[in-house]
1. Kindly provide the trypsin sites (Lys or Arg not before Pro) of the range 159-200 that DSSP labels as loop, not H, G, I, E or B, and whose Cβ sees at most 11 other Cβ atoms within 10 Å.
2. Hey, what did the range 268-384 get for relative contact order, percent, Cα under 8 Å, at least 6 apart?
3. Can you tell me the convex hull volume per residue for the chain, based on C-alpha atoms, in Å³ to the nearest whole number?
4. For the pair residue 147/residue 379, report the inter-label distance in nm, with labels modelled 7 Å from Cα in the Cβ direction.
5. Can you list residues from other chains, or at least 5 along the same chain, whose modelled amide H is less than 5 Å from the amide H of residue 287?
6. Separation between the residue 371 and residue 302 pseudo-spin-labels, each 7 Å from Cα along Cα→Cβ, expressed in nm?
7. Using the heavy atoms of the protein chains alone and a 1.4 angstrom probe, what is the accessible area of the range 55-170 per residue in square angstrom?
8. State to the nearest 20 debye the size of the charge dipole of the range 264-351 about its Cα centre, where the only charges are +1 on K and R beta carbons and -1 on D and E beta carbons.
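The values are calculated or read from the model by the stated rules, or taken from the named source; none is laboratory data. Bear in mind the structure is a predicted one, so any value in this text is a computation, not a measurement. Cβ sites come from the backbone with ideal geometry, for glycine too, and all protein chains shown count toward neighbours. Ligands, DNA and RNA are excluded from the accessible area calculation, which covers all protein heavy atoms including side chains. Shrake-Rupley method; radii C 1.70, N 1.55, O 1.52, S 1.80 Å.
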Amino acid sequence: MGFLKTSFSFFWFRLMPVVVLLLAVLAGWLFSHDLPEGVMFATIFPLIRGHLPPTIFGHGKMTGTPVVPDDMKPEPRPKHEMLLELPGGYSMPQNGIGMCCRPSAYDDDLVKETVLWYLLSGGRLIDGAQLYLNHKAIGEGIRQAIQRGVPRSEIFVTTKVWVSNYGYNTTKGVVPKFLKELGLDYIDLVLMHFPGSFIPGTMSKECSNLKLSSKECRQETFKALSSLRQQGLIRNVGVSNHAIRHLKDIQELDDVAPIAANQIVFNPWVPKSWKDTFHYCQQNNIAVTAYNSLGGLFQHAEAKTVKTLTDLANKYRKTVAQIMLRWALQKNAAVIPGTGNPKHMKENLDIYSFSITSEDMNAINDLEFDESAKKMFSMEPINT
């Protein structure tokens with residue numbers, strides 16, 4: 001009893017104040033930045049993979065993506081490349097690279113090399129976001145690729161406005177900053193990153209000051225992006241992580257740009273709500289970009305053990321990742337697998353080189369009923 005009392009006293013009077021102080025310092029450090037959520041993600045992802053986060057230790061200290069050789073020239077775009085037609089006469093490559101959610105996506109040096117490798121290897125779709133804090137590094141990779149002969153007109157750049165910058169005037173003010181950071185004259189596709197905040201009742205300062213509902217805040221943001229499209233700063237306007245009800249809120253607006261794309265989690269194991277959203281988009285001429293194609297952010301290893309997928313990988317002499325990405329392509333979705341490894345970039349671009357039979361597509365579709373489904377987790381749409 002005495003030991004327990006002593007332990008409790010030590011924890012409560014000695015350790016707890018230290019923990020509270022550390023949390024207060026961490027919160028103060030995060031909120032000293034313009035985008036604390038982005039800094040948090042850019043710190044956590046390297047840490048959980050055993051890397052020193054550039055947010056604390058600076059850029060250029062992480063290893064991973066090799067330096068692109070000085071004499072490397074642009075390779076041809078992939079044979080049998082597939083494109084999705086967007087409103088206004090533009091088209092988007094159906095296979096891209098995501099610049100998020102891995103340690104190498106948060107080190108500016110590695111991001112620049114990643115983008116340069118990818119573009120010189122024949123890839124053309126780059127998916128970024130304000131939240132990822134790597135616009136400048138992406139822009140530098142694009143600039144160097146253009147110098148080596150990759151036409152800007154062939155490069156399709158996507159980025160996203162974070163929820164703290166929602167609101168008509170705020171959004172109109174932040175997108176020109178994206179252009180400056182990226183070093184571009186126009187952005188091919190700008191998305192609203194989420195329909196609302198993860199924390200109920202919170203939204204951007206502008207929307208909060210105007211006492212707008214979440215729906216009204218989204219609508220004003222989309223109006224701003226539509227205006228920027230009319231000015232020629234944006235070519236296509238879309239959304240991300242928007243469920244059917246969120247899409248309908250935008251579709252009821254008059255005199256705005258059509259919703260060009262919706263970027264959502266999409267794989268055989270996603271909840272019915274996302275499957276329904278996918279079909280709604282297909283029926284309403286809204287292109288779908290799929291992320292978490294292998295089942296989830298931290299579940300890539302699980303997908304590689306699913307017997308149906310390993311059997312198909314052996315049958316087609318491809319990797320499980322290639323099978324899953326090709327499945328999404330044949331469902332008429334674009335994919336944005338993230339990697340800083342040039343070998344994996346090549347493998348991802350190679351998914352244009354084969355096709356999956358209808359029978360095997362159905363076998364992958366049926367994985368939602370497989371035992372593996374219990375191991376896969378996907379976030380439901382935000383209820384806002």
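1. For trypsin sites (Lys or Arg not before Pro) across the range 159-200 that sit outside H, G, I, E and B with at most 11 neighbouring Cβ atoms in 10 Å, the list is empty.
2. 40 percent
3. Hull volume normalised by residue count: 173 Å³.
4. With each label point 7 Å from Cα toward Cβ, the separation is 3.7 nm.
5. 261, 262
6. Going by the 7 Å Cα→Cβ label model, 1.5 nm.
7. Here the per-residue accessible area is 39 Å².
8. Magnitude of the dipole: close to 240 debye.
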